[in-house]
Amino acid sequence: MDLNTLRTSLTESAVPQTFNGDAYDVDPETGFFPRRPLRELEGDFALWERTLVQARSVLKLAADRGEEAIAKAAQAEQWRHRVRNWPLLDVKTLGSNIWTLRRAHYVLTCILHFYVHSLPTIQTQGQTIIPRPLAVPLCEVSKRISLPPVLTFADTVLWNWEFKNPDKPLSLDNMRYINVFSGNETEENFYLLSAAAELKGVEMLQIIERVVNMACHLDRNAVASIIRDFEQLVRVIDDLAATLKEAPKTVHPHTFYWVVRPWWNGSGDASPWVFEGVPPNSTPHLSGASAGQSSVMYALDAFLDVDHALKHARQPAPSEDNKRTASSNFMAKMRLYMPAEHREYLAEVQKRQVRDVCQRTPALRAPYNAAVDALKKFRDTHIITGTLFIVSQARSQPPEWMGAPDVAVTREGRSKGTGGNPVSALLKAGRDATKRTMLHDQ
Ligand code: HEM
């Protein structure tokens with residue numbers, strides 16, 4: 001679809017009578033996933049595609065001191081040298097097809113992360129320079145699709161797959177991840193776990209759309225139907241929690257923490273990124289990729305009206321830790337890393353104020369609360385997962401073949417999440433905000 005056509009249809013449907021995900025690039029069968037993989041870039045831009053393929057076979061994390069990394073160090077430097085000497089391509093000639101621009105974002109952000117995280121530390125003292133032939137087109141493409149010029153959840157999970165069998169529809173069994181930075185199974189399995197949540201979430205989005213439409217014209221039949229939908233929603237959220245609980249079976253916590261997650265990091269205080277040829281301060285959002293940017297859970301939050309920002313006086317009152325986390329605005333900031341059309345979708349769901357409808361309709365309160373409770377339990381599971389995969393691993397030693405961790409970074413610092421919040425306080429604040437969403441009899 002053409003970018004302008006999509007934007008126009010969004011503007012025209014600013015307050016649609018019937019809420020329909022299609023208008024926001026949300027597919028009825030694949031949700032936030034595109035129905036088909038994004039097509040490779042062609043012509044001059046095939047250079048970017050080739051560079052990404054080469055990166056996978058030669059680049060390792062800068063901290064990697066393993067035999068393979070040492071043997072490939074010269075090839076890795078040649079790869080970075082080639083990127084620095086690329087011709088400066090004009091992205092205007094890419095056209096305005098949204099899928100082409102998304103593919104360009106995916107390819108260039110993957111190259112960016114290969115580039116910065118493989119750079120020997122000696123070359124990143126004080127600041128990390130992103131060379132002009134990469135920086136300029138990346139920032140222009142990002143601007144055109146309203147995404148920051150950094151790897152996002154969409155780049156790693158939504159746009160990074162191909163069919164095993166192109167004649168069959170998208171499903172977990174019929175997809176394979178293309179760009180796996182570390183090349184290991186833990187990373188690919190993390191993407192598949194996220195994909196499982198996205199695909200499970202499709203059912204959830206169908207429920208959300210049905211309920212927000214019925215909530216506008218509430219009669220006895222609509223109430224009965226909404227009650228059934230809330231019951232179904234509880235089952236879907238329970239399934240999501242069960243999927244998350246299974247994570248340690250396929251995603252290895254130690255490998256995840258030391259070998260996979262560093263590839264997704266964005267710009268940090270120790271060596272902030274500088275985009276050559278791009279006006280300074282024009283790229284403020286550079287956190288890096290996180291499952292915290294998956295629109296699926298935010299759709300649920302918007303639908304149930306979970307108040308992460310603590311704007312409303314709800315019970316029980318927030319703790320001091322909750323307040324500190326809310327002031328960092330993490331949840332609102334993560335929305336900036338989602339595709340623009342999905343952000344619009346979330347805003348539209350939020351506007352429908354389903355929580356208020358349920359508050360005014362006694363028969364809906366208990367079914368609504370059951371869904372909130374299921375989401376709270378999902379977040380309880382998520383806290384356990386975050387503790388196992390991040391907090392505990394921050395106390396562990398890196399694999400032997402890796403250089404020692406940066407001694408300047410304390411263990412506490414190492415258990416910070418995307419955007420710099422301590423992981424456990426962040427995940428608990430989300431759980432507590434969910435608890436406060438419960439309706440009480442008035
Ligand atoms: C091994 C599996 C997982 C781990 C280790 C993990 C870890 C984390 C961490 C550390 C954060 C804090 C922000 C950050 O540092 O990026 C976070 C946030 C978040 N994650 Fe996960 N996550 C996992 C799986 C998932 C899955 C499958 C989903 C999607 C359903 C998900 C959805 C979220 C959301 C929505 C947030 C924002 C905070 C919140 O809503 O409470 N995560 N996750």
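Coordinate-derived values only; no laboratory data. For clarity, every value in this text was computed on a predicted model and none was experimentally measured. Every residue, glycine among them, receives a Cβ derived from its backbone with ideal geometry; neighbour counts consider all protein chains shown.
Points to keep in mind about this one:
- Quarter of the Cα convex hull surface for segment 3-435, i.e. its orientation-mean projected area (nm²): 21.2
- Rh (Kirkwood; distinct C-alpha pairs) - segment 304-442, Å: 17.1
- Based on every Cα atom in segment 322-400, Rg and the maximum pairwise Cα distance Dmax equal 17.9, 60 Å.
- Computed [θ] at 222 nm, deg cm²/dmol, the chain (DSSP H ≥ 4; -39,500 (n - 2.57); rounded to nearest 500): -15500 deg cm²/dmol
- Reduced Cα scattering model of segment 215-300, Debye log10 I(q)/I(0), q = 0.23, 0.26 Å⁻¹: -1.21, -1.28
- Rounded to the nearest 10 degrees, the angle from helix 3-12 to the longest Cα principal axis of the chain is 20 degrees.
- Rounded to the nearest angstrom and listed largest first, the equivalent-ellipsoid semi-axes of segment 59-99 from its Cα gyration tensor are 33, 13, 6.
- Test item: Cα-centred dipole of the chain, Lys/Arg +1 and Asp/Glu -1 on Cβ, debye: 780
- Average Cα contact separation per residue, the chain, under 8 Å, 6 or more apart, as relative contact order %: 20
- In segment 130-192 the Cα-Cα distances spread across 10 Å bins starting at 0 as 19, 38, 30, 12, 0 percent of all pairs.
- For the peptides 317-324, 52-59, the ranking by mean Cβ contacts within 10 Å, running from highest to lowest, is 52-59, 317-324.
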